[in-house]
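Q: Can you keep this structure in mind? I'll have questions shortly.
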Amino acid sequence: MKRVTSFLVSGMIGIGIGMVWYVVETMLQTGENWQHVQVSFTSLIFWLIATFAIGAFFNLAGLVFEQTQWSLRKQIIVNFFVCYIAYFAFELVINDFFLSIKFFLVVTGAFVLMYLIAYGLYFWQLYQDVKEINQKLKEK
Amino acid sequence: MKVKFNIDNQLPEEHAEFWLKKMTDKFSQLGKELSGEQDMVWCNQDDEIVPVKFENIYLIQVESEQTVIYDEAQNYRYKGRLYQIKNVLPHDFLTASRSAIINYRKIDHLEIMDGGNIDVIMKNQIRVQISRRKIKDLKERLGL
């Protein structure tokens, strides 16, 4: 049950991030006329489902971190490439399999940025937790 | 949670009652501690069988397929498996990893290692790795 809840929460977070990305991308593409943009309902549903799937997939990819016999470095590398391959495949599908150098660089750059933000925040929080714990232990 | 103690030295028998929305591991463990009388465990040291009090235990971990218990200065062999001793331990103990249980009251500090792993340094200077997932449990025990 815990696993299912975690999976669903990750999917919802995926929707959140994906929708923000969608809005920003739409605004950048339409320029000054962004207030009058009309969005296709089909497109919106597709983004909702796709971003949920990406978020949920990241949750599953996180199972890599349960391989405690691996070093953290190995866990991160495996997780990074598993997520990257899935994300790249997804982008390829929504771009009608049109592959170019520019496409590769943009997709890779966007993924690396998202990965850095997501896991950077996670490890920063972990660092803060350890600091907080040590502070509490000193008080005892 | 509100806690109320009713002190009456004329009571024929002491008892505790909990009113909960649902049973959790924390209260299950608390119940065991309050109702149980076991406060130590029998261990092997050299050729002797000695009692080791829970309050003196710093760390319990699996080494070479044996369960080893550490107190401040010595270590002992426990005949059972880790999960078996885990069931009788009081609330002072938390699982650090699949192969180690620590007494959180005996922790000196934590260190983040170069590889990103986190070590717990006990007050007797023994180091044991703690899973990142267990950091949240440790925070709860410390009231953070």
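Q: Identify the single condition in (1) exposed (fewer than 15 other Cβ atoms within 10 Å of the Cβ); (2) over 26 Å from residue A:68 (Cβ atoms) that residue B:30 does not satisfy, given that it satisfies every other one.
A: Failed condition: (1).
Q: Would you be able to tell me the number of residues in region B:122-143 that are surrounded by 15 or more Cβ atoms within 10 Å (Cβ to Cβ) and in a strand (DSSP E or B)?
A: 4
Q: Just one of A:57, A:111 is more than 14 Å from chain B (Cβ to nearest Cβ), farther than 20 Å from residue B:115 by Cα and at pLDDT 85 or above; which is it?
A: One residue alone meets the criteria, A:111.
Q: State which residue is surrounded by the most Cβ atoms within 10 Å (Cβ to Cβ) when the search covers only region A:99-113 and only residues that are touching a helix residue (DSSP H, G or I) at 6+ places or on another chain (Cβ under 8 Å) and not aliphatic (A, V, I, L, M).
A: The residue in question is A:111.
Q: Hey, another quick one. Residue B:65 is checked against (1) in contact (Cβ under 8 Å) with a residue 12 or more places away in the chain; (2) open to solvent by 40 Å² or more (accessible area, probe 1.4 Å) and fails just one. What number does that condition carry?
A: The one condition residue B:65 does not meet is (1).
Q: Further, regarding this structure: Take residue B:114 and tell me if it is open to solvent by 50 Å² or more (accessible area, probe 1.4 Å) and either under 16 Å from the mean Cα position of the chain (by Cα) or closer than 25 Å to residue A:139 by Cβ (or both).
A: When the stated conditions are applied, residue B:114 does not pass them.
Q: When region A:58-89 is examined, which residues are found to be open to solvent by 60 Å² or more (accessible area, probe 1.4 Å) and in contact (Cβ under 8 Å) with a residue 40 or more places away in the chain?
A: A:60
Q: Search region B:68-105 for residues being open to solvent by 70 Å² or more (accessible area, probe 1.4 Å) and farther than 19 Å from residue B:124 by Cβ, and hand back the single one that is nearest to the other protein chains (Cβ to nearest Cβ).
A: B:98
Q: Listed residues B:51, B:12; which is part of a strand (DSSP E or B) and exposed (fewer than 12 other Cβ atoms within 10 Å of the Cβ)?
A: Result of the check over B:51, B:12: B:51.
The values are calculated or read from the model by the stated rules, or taken from the named source; none is laboratory data. Quick caveat: nothing in here was measured; it's all calculated off a predicted structure. Every residue, glycine as well, gets a Cβ built from its backbone with ideal geometry; the counts of neighbours run over all protein chains shown. Ligands, DNA and RNA are excluded from the accessible area calculation, which covers all protein heavy atoms including side chains. Shrake-Rupley method; radii C 1.70, N 1.55, O 1.52, S 1.80 Å.
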